[in-house]
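**Student:** Below: one structure in structure tokens.
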Amino acid sequence: MSVSSSAYVLWSHRCDNGSRLTGRFDYFAAKDHSRRQTDDNSETGYAATLAWLKPMNDHLDVAVEALHVVSDRPARATHMLAVQQAQTQLQLALKMHL
């Protein structure tokens with residue numbers, strides 16, 4: 001059994017040229033209440049996202065998104081992994097509308 005909580009803040013702005021800039025910050029936490037001595041799956045962390053979307057024409061958009069996540073999970077130590085980890089991802093997308 002676990003108890004979870006999360007919260008986020010989202011900001012978005014449409015620019016004069018039709019593009020949109022969006023930012024989001026997330027906080028998350030989960031508290032594991034089962035077999036914590038051997039397999040503590042509690043986790044806390046945060047994520048930050050920044051995205052830009054630009055319409056190129058009526059049928060094509062270009063998007064760029066950066067995501068950074070930091071989390072602390074004690075169970076990773078049982079697999080000889082760092083308890084605290086951080087990952088960053090960058091995506092580029094072309095979106096076609098029919």
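**Student:** How far apart, in nm, are the 7 Å Cα→Cβ label points at residue 56 and residue 27?
**Tutor:** Inter-label distance under the simple model: 4.0 nm.
**Student:** Follow-up. Beta carbons within 10 angstrom, averaged per residue: use that to sort the peptides 80-91, 50-61, highest first.
**Tutor:** Averaged packing, sorted descending, gives the order 50-61, 80-91.
**Student:** Tell me, Kirkwood radius of the range 41-91 from alpha-carbon pair distances, in Å?
**Tutor:** For the range 41-91, the Kirkwood estimate is 13.1 Å.
**Student:** Something else about it: At q = 0.11, 0.21, 0.24, 0.27 Å⁻¹, what log₁₀ I(q)/I(0) does the range 1-74 have when each alpha carbon counts as one equal point scatterer in the Debye sum?
**Tutor:** Reported log10 I(q)/I(0), two decimals: -0.45, -0.89, -1.02, -1.14.
**Student:** Oh, and also: For the chain, what is the accessible area per residue in Å², given a 1.4 Å probe and the full set of protein chains?
**Tutor:** For the chain, the per-residue accessible area is 74 Å².
The values are calculated or read from the model by the stated rules, or taken from the named source; none is laboratory data. Remember, predicted model here, so these are calculated numbers, not experimental data. Here Cβ is always computed from backbone atoms with ideal geometry, including for glycine, and neighbour counts include all displayed protein chains. The protein model used for the area step is the full one, side chains on, heavy atoms only, and it has no ligands, DNA or RNA in it. Shrake-Rupley method; radii C 1.70, N 1.55, O 1.52, S 1.80 Å.
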